[in-house]
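Below is one structure; the comments refer to it alone.
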Amino acid sequence: MCGIVGAVAQRDVAEILLEGLRRLEYRGYDSAGLAVIQNGELQRIRRVGKVKNLADSVAENFIGGGTGIAHTRWATHGEPTERNAHPHLSNERIAVVHNGIIENYKELKADLQASGYGFQSDTDTEVLTHLIHQFIDQGLSLLEAVQKAAKTVTGAYGTAIIDKQNQDEMVVARSGSPLVIGLGIGENFVASDQLALLPVTSRFIYLEEGDVARISRKEIEIFDKTGAKVERKVNLVDAKADSADKGEYRHYMMKEIYEQPTCVRQTLEGRLTSTGVEKGIFGNGFEEMVPQIKNVTIVACGTSYHAGMVAKYWFEQYAGVSCSVEIASEFRYRKFYVHEGSLFVSISQSGETADTLAALRLAQEQGYLSSLTICNVMGSSLVRESDFNFMTRAGTEIGVASTKAFTTQLVSLLILVLTLGKHKALASEAEQAICAALMQLPGKIEQALLANSEIEDLAEEFADKHHALFLGRGDQYPIAMEGALKLKEISYIHAEAYAAGELKHGPIALIDAEMPVIVVAPNNELLEKLHSNVEEVRARGSILYVFADKDAKFQSDETQRVINVVPTEDIVAPIVYTIPLQLLSYHVAVIKGTDVDQPRNLAKSVTVE
Ligand code: G6P
């Protein structure tokens with residue numbers, strides 16, 4: 001989704017802005033631009049396509065100057081063209097970059113047009129730009145103009161504004177779209193994601209909802225939504241841990257798949273011993289609340305939603321609490337009933353997904369016992385606004401298709417299951433068995449990764465396919481869904497997942513030799529049922545790819561290819577079986593030559609509705 005970078009410095013900032021944009025590329029975008037105040041004039045360059053196009057133009061037309069803003073745009077209002085790309089200018093005096101959506105832009109546009117403002121683009125952002133200019137024209141300072149504009153617009157924004165007549169400062173504002181200020185020495189920065197600024201600083205201030213800040217080289221003044229001047233905490237971020245480097249890998253996605261054993265170790269560290277969960281890991285007061293928890297409501301989107309679906313099986317089987325799982329964009333727009341003693345749990349890699357955040361805010365008004373977020377990004381909106389948080393510690397995930405964030409979410413959810421179960425239905429032997437399985441999990445993932453070259457060979461058979469079906473039962477059903485999502489996301493092959501028992505109620509009609517069927521088959525109590533489902537498919541001429549435990553009694557032959565997966569404890573099998581499905585979608589995408597890390601039309605972090 002859109003990205004913002006801004007700087008106020010004594011040195012030329014164009015290269016810092018471009019590097020910031022490169023580091024935000026993973027979020028998804030279709031055009032990019034920057035504006036810098038050079039010798040008292042605004043110099044702006046915008047290009048459709050990759051940041052590289054913009055960087056090439058900047059290199060050809062040297063742009064000097066210490067105050068500037070830059071943007072990657074993911075089109076919402078107006079198609080992805082140069083004239084719709086940010087920054088937008090008003091009267092060649094002020095430049096604006098903006099993430100989010102101004103909802104009342106039509107009314108404001110009509111008023112501004114009536115006041116003589118001409119529009120160059122189809123964007124809602126240009127409305128904000130002229131509005132700020134109009135307030136400056138009426139005698140307000142840049143800061144006052146932005147504060148007044150913030151009160152006039154409705155919708156979501158993270159925005160940064162520069163004024164050529166006031167070239168030593170930048171004003172930024174946040175409401176519904178994240179912004180972080182990076183503190184330098186004699187220079188300061190802003191970005192929509194701290195990752196953009198890690199080459200220049202490790203000290204960050206996360207702006208709160210409704211904040212407006214005036215940033216100069218030496219000073220930062222922050223005003224809250226009431227206009228009162230406030231101090232916000234400075235956070236130190238370990239830049240090394242957040243390396244955005246592909247290392248030896250061709251794609252971030254592959255690097256992130258291979259990082260999973262390490263990431264899982266990080267998730268477990270200090271939280272689990274071989275006999276049980278450590279105390280206090282969900283924050284002060286959480287465990288005291290556990291006896292009151294009777295129900296868990298999980299809300300999330302995309303891959304994070306699949307993690308929630310797996311956890312439903314776990315909560316009800318091991319922790320003795322009922323659990324419902326819902327897609328955030330649905331939850332936020334329906335009337336729901338809150339059972340007594342319900343804990344609201346949001347799951348999110350980014351912590352900024354607009355629908356999940358809106359669902360949390362709604363839940364906070366609806367009588368839930370408390371809210372917990374399972375999240376990968378420290379300081380993100382979900383983390384700051386939830387009562388409790390549990391960090392997945394996967395490290396920055398760059399590939400749009402989520403991999404290590406998903407498996408660490410599952411590990412985190414299992415730790416939550418243990419914590420709840422301890423006070424409820426879980427016997428201590430069962431608790432110890434789950435802990436032992438979790439401790440062995442990094443090793444199991446390493447073993448699952450050994451199937452890489454076998455899966456790479458198998459991927460050749462998918463490259464010319466247009467559809468695929470994924471089947472699983474029990475807690476492997478959501479894993480089949482996640483496998484299908486991965487394949488769709490990066491290889492653009494239409495894929496659907498079904499609970500294997502549901503096959504005969506419709507999808508079986510689709511099965512023929514052109515429809516590969518992928519089955520996840522650990523050796524669990526549902527295995528016999530799954531065998532019957534597989535036979536139904538075989539009898540109809542499909543080619544089957546079965547990821548199975550070696551004891552699961554599946555044999556390779558001309559209609560069925562069996563890929564052995566390391567034997568695993570049932571409880572962690574969903575995590576282990578995720579690995580071959582990630583590898584499969586990766587290799588199919590590579591063979592098809594798609595943009596693996598930044599697939600078309602997708603964004604890493606969806607901060608608009
Ligand atoms: C986007 C991403 C998905 C992700 C989903 C939810 O659609 O492309 O990979 O699963 O958002 O994101 P979150 O950050 O809330 O987990």
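Test G270 against the stated conditions and say whether it is away from the ligand (no atom under 16 Å from the Cβ), without any contact (Cβ under 8 Å) to a residue 12 or more places away in the chain and more than 19 Å from S605 (Cα to Cα). Criteria met by G270.
Checked against the criterion of being surrounded by 24 or more Cβ atoms within 10 Å (Cβ to Cβ), within 30 Å of D549 (Cα to Cα) and of a type in the set (D, E), the range 434-453 contains not a single residue that satisfies it. Checked against (1) in a loop (DSSP other than H, G, I, E, B); (2) closer than 30 Å to V588 by Cβ, Y337 passes all but a single condition, namely (2).
Going by the structure shown, is D557 at pLDDT 85 or above, farther than 18 Å from E397 by Cα, open to solvent by less than 60 Å² (accessible area, probe 1.4 Å) and among the charged types (D, E, K, R)? Full working, then the answer.
Details: at pLDDT 85 or above: yes; farther than 18 Å from E397 by Cα: yes; open to solvent by less than 60 Å² (accessible area, probe 1.4 Å): no; among the charged types (D, E, K, R): yes.
No: the conditions fail for D557.
Suppose we keep only residues that are open to solvent by 10 Å² or more (accessible area, probe 1.4 Å) and not in a strand (DSSP E or B) within the range 154-177. Which one would you say is nearest to G379 (Cα to Cα)? Filtering the range 154-177 for residues that are open to solvent by 10 Å² or more (accessible area, probe 1.4 Å) and not in a strand (DSSP E or B), the one nearest to G379 (Cα to Cα) comes out as A156. For the range 264-316, the set of residues classified as over 29 Å from A401 (Cβ atoms) and polar (S, T, N, Q) consists of T273, S274, T275, N284, Q292, N295, listed by residue number. Within the range 338-374, the set of residues being within 14 Å of the ligand (Cβ to nearest atom) and either among the small types (G, A, S) or touching a His at 6+ places or on another chain (Cβ under 7 Å) (or both) comprises S346, S348, S350, G351, A354, A358, A359.
For the range 114-151, a tally of residues being farther than 14 Å from S90 by Cα, part of a helix (DSSP H, G or I) and open to solvent by 50 Å² or more (accessible area, probe 1.4 Å) returns 4. Per the listing G49, G64, G40, the residue uniquely over 17 Å from S121 (Cα atoms) and without any contact (Cβ under 8 Å) to a residue 40 or more places away in the chain is G49. A Cβ distance below 7 Å, combined with a sequence gap of six or more or placement on separate chains, defines the contacts here; from the range 583-609, residues that are more than 20 Å from V377 (Cα to Cα) and among the polar types (S, T, N, Q) reach residues that are within 13 Å of the ligand (Cβ to nearest atom) and at pLDDT 90 or above in the pairs S585/K486; S585/I490; T594/I490.
Among the residues of the range 499-518, write down those that are within 32 Å of the chain's Cα centre (by Cα) and open to solvent by 70 Å² or more (accessible area, probe 1.4 Å).
Within the range 499-518, just E502 meets the criteria.
Scanning the range 282-305 for residues being out of contact with any Phe, Trp or Tyr (no Cβ under 7 Å at 6 or more places or on another chain) and either part of a helix (DSSP H, G or I) or more than 16 Å from the ligand (Cβ to nearest atom) (or both) gives a total of 14. If you take the residues in the range 1-33 that are open to solvent by 10 Å² or more (accessible area, probe 1.4 Å) and touching a Pro at 6+ places or on another chain (Cβ under 9 Å), which one is farthest from V48 (Cα to Cα)? In this case the residue turns out to be I16. Residue count for the range 456-498, restricted to those that are assigned to a strand (DSSP E or B), open to solvent by 30 Å² or more (accessible area, probe 1.4 Å) and either within 19 Å of A311 (Cα to Cα) or touching a Cys at 6+ places or on another chain (Cβ under 8 Å) (or both): 1. Within the span defined as the range 375-392, one or more residues are more than 15 Å from the ligand (Cβ to nearest atom) and part of a strand (DSSP E or B). Against the list (1) in contact (Cβ under 8 Å) with a residue 12 or more places away in the chain; (2) acidic (D, E); (3) closer than 23 Å to R174 by Cα, the condition E107 fails is (1). Count of the range 302-351 residues, restricted to those that are out of contact with any helix residue (DSSP H, G or I) (no Cβ under 7 Å at 6 or more places or on another chain), open to solvent by less than 10 Å² (accessible area, probe 1.4 Å) and without any contact (Cβ under 8 Å) to a residue 60 or more places away in the chain, is 2.
Considering the range 553-609 alone, what residues qualify as being hydrophobic (A, V, I, L, M, F, W, C) and within 16 Å of the ligand (Cβ to nearest atom)? Can you show your working first?
Residues of the range 553-609 that are hydrophobic (A, V, I, L, M, F, W, C), as a first pass: 554, 562-563, 565-566, 571-573, 575-576, 579, 581, 583-584, 588-591, 596, 602-603, 606, 608.
Across the range 553-609, the qualifying residues are L581, A589, V596, L602, A603, V606, V608.
Take the conditions (1) within 32 Å of the chain's Cα centre (by Cα); (2) farther than 30 Å from V417 by Cα; (3) of a type in the set (V, I, T); V565 misses just one of them, which is (2). When T396, T403 are checked against the criterion of being within 13 Å of the ligand (Cβ to nearest atom) and open to solvent by less than 10 Å² (accessible area, probe 1.4 Å), a single residue qualifies: T403.
Might you check whether a residue that is open to solvent by 60 Å² or more (accessible area, probe 1.4 Å), within 30 Å of P199 (Cβ to Cβ), at pLDDT below 95 and not β-branched (V, I, T) occurs anywhere in the range 282-289?
No, the range 282-289 has no match at all.
Of all the listed residues (L544, L581), the sole one being aliphatic (A, V, I, L, M) and under 27 Å from K246 (Cβ atoms) is L581.
Residues in the range 531-554 that are within 24 Å of P442 (Cα to Cα), modelled with pLDDT under 85 and surrounded by 19 or more Cβ atoms within 10 Å (Cβ to Cβ): A552 alone.
The values are calculated or read from the model by the stated rules, or taken from the named source; none is laboratory data. Remember, it's a predicted structure, so these values are computed and weren't measured experimentally. In this analysis, Cβ positions are derived from the backbone assuming ideal geometry, glycine residues included, and neighbour counts consider all displayed protein chains. Please note that ligands, DNA and RNA were not included when accessible areas were found on the heavy atoms of the full protein model with its side chains. Shrake-Rupley method; radii C 1.70, N 1.55, O 1.52, S 1.80 Å.
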